[in-house]
Structure formats: C-alpha cells, structure tokens
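Let me begin by presenting the structure, written as structure tokens, before commenting on it.
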Amino acid sequence: MGLPLHPLAVHFAVAVGMVAPVAALVAVLLPRFRTWLGWGLPALAVLGAIVLRLTVSFGDMLEDSDPAYDTPAVDTHSDWGELAGNAGTVLAVAAVLLWLTTSPTARRRWTSRWPSWLTLLAQVATALAAIATLVLTVLAGHTGASAVWGG
C-alpha cells in the first residue's frame, strides 16, 4: 500500500530488542527463571536477531529509495541500527550457547562432555551481549526518532 516496511517493523524490533535482552539478563542472574523459561530464551533471542536484522535491511532499502534520506541524522541512526542488529545476533548465539550448557535436556543430549568453564563463558557472553543489545537498541531508536521528529 505504498508504506515503507522500516517504520512498520521498527516497533516490533524495539519490543523484541528490549524483551529478549532483559529476559537474557534475568536468566543469567536467576537460574530459576532460566529453568522456567527453558528453550524460550534462545527462541526469543533468535527471533529478536531476525527481527533486528530485517528492520536494518528495511531501513537500508528506505534510505536508498530517496536522496532526501541522505542526511547526517539518518546516517547516525543507520550506524546505530547496524550495531544493534549485530549485537542482537551475538545475543542469539550466546543465548543458544547458554541454553546448551545449562539446560538439563541439552546437557544430557549434546553438551555433557563439554568443559564446565564453557557455562561461565556462556553466562558472561550472554550478559554482555544483552547489555550491548539494550544500549544499542535504545541509541538506534533515539537517533531514529530524532531523525524523523527533529528532536
């Protein structure tokens, strides 16, 4: 209907880009939550990575569609968005690794012979990726709103 996909997808990306990292941080800090959430955490993180990457792609298409979008504000927003998409991808990988190293089912089936330090590495990587995803999603959102609304 003539509407660009980026402004439509961005709301879902912001929601998932906030919920997935918060859930990941809580899962790292509270093992009971991690157990309760189970495979939902890696599924949510992978969904978040996909949505963030798609939103970045839609933004690139929108930026390329009109020379009016070639502004410093849009360039800054685009840079932050790209970094947020990358952080979301790292979070997805870390969340899957966290699930593989901490889930009783996954440990029984696949990772029982992995070294125990890998669990600590997965927890640290997940926490750092979650923080990065949160911060970069906020920065991308803020610079995008500033580019659109001039604030």
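Restricting to region 116-131, give me the number of residues that are open to solvent by 80 Å² or more (accessible area, probe 1.4 Å) and either among the hydroxyl-bearing types (S, T, Y) or closer than 27 Å to T76 by Cα (or both).
3
Table: residues versus (1) hydroxyl-bearing (S, T, Y); (2) out of contact with any Ser or Thr (no Cβ under 9 Å at 6 or more places or on another chain).
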residue: V51; (1), (2): no, yes
residue: L62; (1), (2): no, yes
residue: S65; (1), (2): yes, yes
residue: P72; (1), (2): no, yes
residue: E82; (1), (2): no, yes
residue: L100; (1), (2): no, no
residue: R108; (1), (2): no, yes
residue: W117; (1), (2): no, yes
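When only residues in region 71-113 that are assigned to a loop (DSSP other than H, G, I, E, B) and hydroxyl-bearing (S, T, Y) count, which is modelled with the lowest pLDDT?
S112
Which ones in region 8-30 are in contact (Cβ under 8 Å) with a residue 60 or more places away in the chain and small (G, A, S)?
Passing the criteria: A13, G17, A20, A24, A27.
Here's a check for you: in region 17-43, which residue that is within 20 Å of A145 (Cβ to Cβ) and modelled with pLDDT of 90 or more is most open to solvent (accessible area, probe 1.4 Å)?
Only one residue tops the list, namely V19.
Per-residue answers, yes or no, for (1) out of contact with any Gly (no Cβ under 9 Å at 6 or more places or on another chain); (2) without any contact (Cβ under 8 Å) to a residue 40 or more places away in the chain; (3) farther than 19 Å from A13 by Cβ; (4) surrounded by fewer than 18 Cβ atoms within 10 Å (Cβ to Cβ):
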position: V46; (1), (2), (3), (4): yes, no, no, no
position: L52; (1), (2), (3), (4): no, no, no, no
position: F58; (1), (2), (3), (4): yes, no, no, no
position: L91; (1), (2), (3), (4): no, no, no, no
position: L98; (1), (2), (3), (4): yes, no, yes, no
position: W114; (1), (2), (3), (4): yes, yes, yes, yes
position: T133; (1), (2), (3), (4): no, no, no, no
position: T137; (1), (2), (3), (4): no, no, no, no
position: A147; (1), (2), (3), (4): yes, no, no, no
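The values are calculated or read from the model by the stated rules, or taken from the named source; none is laboratory data. Every value quoted in this text rests on a predicted model; they were computed, and no experiment measured them. Cβ coordinates were reconstructed from backbone atoms using ideal geometry, including for glycine residues, and neighbour counts include every protein chain displayed. What goes into the accessible areas is simple: the full protein's heavy atoms, side chains included, and nothing from ligands, DNA or RNA. Shrake-Rupley method; radii C 1.70, N 1.55, O 1.52, S 1.80 Å.
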